[in-house]
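Colleague: Here it is, the structure in full.
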Amino acid sequence: METVGFIGLGNMGSGMAGNIQKADYPMVVYDLRAEVSQGFVERGARLGTSPAEVARNSEVIFTSLPGPKEVEAVALGEHGVLAGIRPGCVYVDLSTSMPTLIRNIEPKFRAKGAHVLDAPVSGGKTGAATRNLAVMVGGERQIYERILPLLQAFGDKVFYAGSIGAGSVCKLVHNMIGHGVRQAIAEGLTLGVKAGVDAESLWECVRRGSTGRMRTLHDGLPRTVFRGEFEPPSFALALAHKDIALATELAREFNVPMPLAILAEQVAIEALNRGWGDWDSSATFLLQEESAGVEVRAPQVDPVQAGKFIQTHPEA
């Protein structure tokens, strides 16, 4: 069984690395915060002293990092993964990052006889811990198939997206659509409430139709917007802004017009300027409510009851 290196044991990384360890893969782990590695070491993992050392002692190396700046530093830095990786080994970046970056990184690893995949994930912290993750993989299909059992150790919806960078494109498009849809729903619900329909009836209409068959919205809106409670976050606004900014940057790179995405990005920036970066990303609803002069609230909604529709409609 291949030894797995895992670098970045934060909210997402700790859950994914934990599931890899549960699958009995030998592991080498590293994080700038030594204390978050302790549990893995106690369960049998080796502790690396740098990304390069992790790479030297692993056949497959994963990184789960905050963004492009960290990915570039860990992959290509003086003591980075590239410095330690051996021919035939595989570097997989799980971060939400820029396709252009991973496409620039890949040739440098190929020159050393190593392979690179980009495999960003979707499912949040809970999904990472429970193996309820979509994993979107870009790179050589042969390498993808080689490590597929390892990817399936932490993701239950793993799919091949295409050549290097395709996984990152899919993730940014996925998140950009999600943020854009949220903004459209904010506009629709404020209009409906101001026109005299209660929020519960509006949401029942939306979620029972084809537009509403999105789990994160079913679960998230009753928990946050309908209650006016945005802490603790399921997905922080600062992270949401980072993702949509990456998507609009990609759009500029390829001259793709995305007016709604740009608008959603600007809305996110306005919300950040209100000091809401650590709140749930659905806090952008507050700006729409303020502009519309109405609140979308249904304090009596029970999130458990709101989720019953999903349980009885698994296709949703």
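The values are calculated or read from the model by the stated rules, or taken from the named source; none is laboratory data. The structure presented is a predicted model; accordingly, all values stated were derived computationally and were not measured. Heads up, the Cβs are rebuilt from the backbone with ideal geometry, glycines too, and the neighbour counts pull from every protein chain shown.
Colleague: Output yes when any residue across the stretch 150-161 is surrounded by 18 or more Cβ atoms within 10 Å (Cβ to Cβ) and closer than 30 Å to Gln288 by Cα, and no when none is.
Modeller: The answer is no, given that none of the residues of the stretch 150-161 is surrounded by 18 or more Cβ atoms within 10 Å (Cβ to Cβ) and closer than 30 Å to Gln288 by Cα.
Colleague: So, in the stretch 89-114, exactly how many residues are surrounded by fewer than 19 Cβ atoms within 10 Å (Cβ to Cβ) and under 19 Å from the mean Cα position of the chain (by Cα)?
Modeller: 1
Colleague: Please tell me if Glu270 is in a helix (DSSP H, G or I) and either in contact (Cβ under 8 Å) with a residue 24 or more places away in the chain or among the small types (Gly, Ala, Ser) (or both).
Modeller: no
Colleague: Only one of Asp24, Asp31, Asp118 is of a type in the set (D, E, K, R), surrounded by 23 or more Cβ atoms within 10 Å (Cβ to Cβ) and either in the same structural domain as Pro232 (by TED's automatic domain parsing) or touching a residue at least 12 places away in the same chain (Cβ under 8 Å) (or both); which?
Modeller: Asp118
Colleague: Could I ask something else about it? What is the residue count in the stretch 150-198 for residues that are among the small types (Gly, Ala, Ser), in contact with a helix residue (DSSP H, G or I) (Cβ under 6 Å, 6 or more places away or on another chain) and in contact (Cβ under 8 Å) with a residue 24 or more places away in the chain?
Modeller: 6
Colleague: Further, regarding this structure: State whether one or more residues within the stretch 212-224 are at pLDDT 85 or above, on the phi < 0 side of the Ramachandran plot, among the hydroxyl-bearing types (Ser, Thr, Tyr) and surrounded by 16 or more Cβ atoms within 10 Å (Cβ to Cβ).
Modeller: There is at least one residue in the stretch 212-224 that is at pLDDT 85 or above, on the phi < 0 side of the Ramachandran plot, among the hydroxyl-bearing types (Ser, Thr, Tyr) and surrounded by 16 or more Cβ atoms within 10 Å (Cβ to Cβ).
Colleague: Can you list residue pairs whose Cβ atoms sit under 9 Å apart, with the first residue in the stretch 137-149 being assigned by TED's automatic domain parsing to the domain that holds Met98 and buried (at least 22 other Cβ atoms within 10 Å of the Cβ) and the second being in a helix (DSSP H, G or I) and of a type in the set (S, T, N, Q)? Count only pairs 6 or more apart in sequence or on different chains.
Modeller: That search, which allows pairs on different chains as well, returns Gly138/Ser168.
Colleague: Same structure, new question: Test Ser201 against the stated conditions and say whether it is part of a helix (DSSP H, G or I), surrounded by fewer than 18 Cβ atoms within 10 Å (Cβ to Cβ) and polar (S, T, N, Q).
Modeller: Against the criterion (part of a helix (DSSP H, G or I), surrounded by fewer than 18 Cβ atoms within 10 Å (Cβ to Cβ) and polar (S, T, N, Q)), Ser201 qualifies.
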